[in-house]
Amino acid sequence: MAAKPKPQKAKNKAAENIHPHFDKMLPRADKEKRLGQRGLVCWLYGLSGSGKSTLTLGLERELFEESRTVQVLDGDNIRSGLNRDLGFGDLARRENIRRVAEVAKLFAQSGVIVLASFITPRENFRALAREIIGEKDFFSVYVKASVAACTARDPKGLYKKAQAGEVKQFTGVEQAFEEPQLLKPDLVVDTEAHNYDACLKLIHTALAKKIKYKK
């Protein structure tokens with residue numbers, strides 16, 4: 001009996017016929033001049049319940065009131081639309097971060113301040129986001145809080161559901177969260193040691209220096 005032929009991988013014909021026009025677009029400097037700000041991605045990461053979303057929304061409000069052009073990319077919002085086809089295994093989580101980073105990069109290159117709020121549980125995911133967006137445009141903030149503290153807060157009731165087996169592959173229960181070691185964050189805000197206002201001020205102060213437009 002003849003052996004079955006091995007399936008051939010289909011070539012990505014679309015990729016072969018792509019011709020980017022980045023060099024023909026309006027220069028980034030012109031867009032930043034119009035907005036009066038420098039495009040940047042502020043990537044907030046940490047456990048569910050650490051305070052990422054709350055701080056992100058607070059930053060959005062403060063930057064908006066300063067007449068800044070800002071775009072929020074939130075984990076739950078993105079997974080309800082663009083990334084709703086992805087699960088929560090490591091490969092799917094990595095793809096989630098890759099897509100978001102590519103979107104964030106486009107915004108930053110247009111002079112927009114991006115506030116990205118994602119658990120980003122693996123160091124290699126954070127390295128991937130930084131690599132895609134670029135060192136100069138990437139500002140990482142580790143929103144630090146222990147699993148115990150986040151479980152006690154449990155604002156969405158997810159820890160309780162995960163412990164009961166109702167939510168699978170949940171970071172902090174079934175899946176581990178890797179503390180930053182080799183890839184250090186640009187800023188750490190400890191939401192157990194400091195209150196909301198203090199943490200918000202720390203991030204806002206650091207961002208103000210990064211987004212300032214230099215003529």
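For the reader, a short list of remarks on this structure follows.
- Full-extension gain in nm, E166 to K209, via 0.36 nm per residue minus C-alpha separation: 11.1 nm
- Restraint check, K31/K184; K52/K209; K33/K210; K52/K161; K168/K201; K144/K215, Cα-Cα greater than 24 Å: K31/K184; K168/K201; K144/K215
- Within the shell defined by Cβ-Cβ distances under 10 Å, the residues around S140 carry a net charge of +2, with Lys and Arg each +1 and Asp and Glu each -1.
- Taking the protein heavy atoms of the stretch 100-142 in the context of the full set of protein chains, the accessible area attributed to carbon and sulfur is 56 percent at 1.4 Å.
- Taking amide H as placed 1.01 Å from N in the peptide plane, L73 has its amide H under 5 Å from the amide H of L115, A116, S117, each at least 5 places away in sequence or on another chain.
- Rolling a 1.4 Å probe over the protein heavy atoms of the stretch 151-200, with every protein chain left in place, gives an accessible area that is 50 percent carbon and sulfur.
- Given charges at Cβ of Lys, Arg, Asp, Glu: the chain dipole, positive-most of L59, A116, A101: A101
- A dipole drawn for the stretch 146-215 from +1 and -1 charges on Cβ atoms has a positive end, and of A162, F177, C199 the residue lying farthest that way is C199.
The values are calculated or read from the model by the stated rules, or taken from the named source; none is laboratory data. The structure displayed is predicted, hence computed values, not measured ones. Cβ: placed from backbone, ideal geometry, glycine included. Neighbour counts: every protein chain shown. Just the protein is used for accessible areas: all its heavy atoms, side chains included, with ligands, DNA and RNA removed. Shrake-Rupley method; radii C 1.70, N 1.55, O 1.52, S 1.80 Å.
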